[in-house]
1. Against the condition at pLDDT below 75, outside any helix (DSSP H, G or I) and surrounded by 10 or more Cβ atoms within 10 Å (Cβ to Cβ), how does Thr201 come out, does it pass?
2. Just the residues that are modelled with pLDDT of 95 or more and of a type in the set (Ser, Thr, Tyr), please, taken from the range 325-359.
3. When you go through (1) polar (S, T, N, Q); (2) under 30 Å from the mean Cα position of the chain (by Cα); (3) modelled with pLDDT of 95 or more one by one for Thr247, which number turns out not to apply?
Amino acid sequence: MSEAEEKCHFCHAVPFKYSCPKCNALYCSVACYKSQTHLKCSEEFYKSCIQDELAGATTAPESQEEMRKIYDILKRMRETDAGFNPKDFDADGLDNPLGSDNEEGQGDGDEEELGDDPEQDFEEEVEEDIAARLKGIDINDADEVWSRLTEEEQGEFQKLIASGDIMKLMPDYKPWWGKAKNSKIVEIPAPGEAKKTDDSTPEIHENIPKFSDICQKTPSPCLHYNLWNILSAYACVARFYAGEHRTNASEAVAHLVNLSTTLKYGTNFEDAEDAIISVEMEAITTGNGPAGAAAVGSAGVGTNFFVESREQLKLDARQLMATRDHKLAALSDILRLLQQSKALISRKASQEAGFQKLFALASGSVELTRSKVSQLAKKIEFLLSYVKREEVL
């Protein structure tokens, strides 16, 4: 019998399609892979994948968090396609991947029931498959992760982008500028120790020059209102990426420039209200959406994916503009994005990633040259000096 005609080792009814990476057994479907005769091997393989991956990230908690996010999103993609409910999934395999041994005694009597619950089988299948394909890769490398997705998963992902449903997969995000501060408790740093801030709050750029050293003229009143425009756009971008905008600097910068007419065209504002509403209008008219859903015509006219509501946008702008430190932190974050984007632009065109190309083509974003990004970085550096001159209240 030729290799192509060899039957599945478990059902012995149809030709095999896959081989088990642990025992090399040939099987034709997930049902056969999960059969009682192969159950021990499949469970051990999944457990080994999870343990090896997380063991390699024990010194980097953020790596575990990134792995968990990818698991969650891919599971939700499968769940959306198959019609399962999110409550059917749990994160025990990630929160306590090494603790399953402690529960073996309790689960001995349940092994016979495996395979009777299709939703449980589906969950295990998804986690097992994802764990195997993401094993040993850099989770922060979007291109590598994208290359490990199946054609079906890539197609599902692109459909979610086009429809705008991709946003439903994102976790709830609480921006750093909106987190409550306890004004009754003040931590005084020791001599020579830097002031501690929330981990999610961007670090303020160091060595900001004095405004008087770079500009001898009295600042124009429009600078204040231009800040409202830029920081309103920044709030939209940070929310859109759920605080992960630094992981894709080029795309984040493109959206930021699209949303802020001060950055895109050099527009000057004379009123905070106009500066904020301008961002909302740009989000509608320039195709800013979940990778440009509106731009590619799959979203309704006037759909605004970047701005949840005008009230939320105004609240974000007021909170960012409320203190000097908030303004400095946001501008510093923007400056770092521009610097990262500038470095990425320097790469050869042949090295551009397929994953980022997909988003760039769909977003309708402005094309940013190295020269343009350098000009924007200088503008942000100027605004940092302008804001730093303000007195601390």
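The values are calculated or read from the model by the stated rules, or taken from the named source; none is laboratory data. Just so it is clear, the model here is predicted, and its values are computed rather than measured. Cβ: placed from backbone, ideal geometry, glycine included. Neighbour counts: every protein chain shown.
1. Values: at pLDDT below 75: no; outside any helix (DSSP H, G or I): yes; surrounded by 10 or more Cβ atoms within 10 Å (Cβ to Cβ): yes.
Answer is no for this residue.
2. The answer is Ser332, and nothing else.
3. (3)
Here's the yes/no breakdown for (1) assigned to a loop (DSSP other than H, G, I, E, B); (2) at pLDDT below 90; (3) surrounded by fewer than 16 Cβ atoms within 10 Å (Cβ to Cβ):
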| site | (1), (2), (3) |
| --- | --- |
| Glu193 | yes, yes, yes |
| His205 | yes, no, no |
| Asp213 | no, no, yes |
| Pro219 | yes, no, yes |
| Leu223 | no, no, yes |
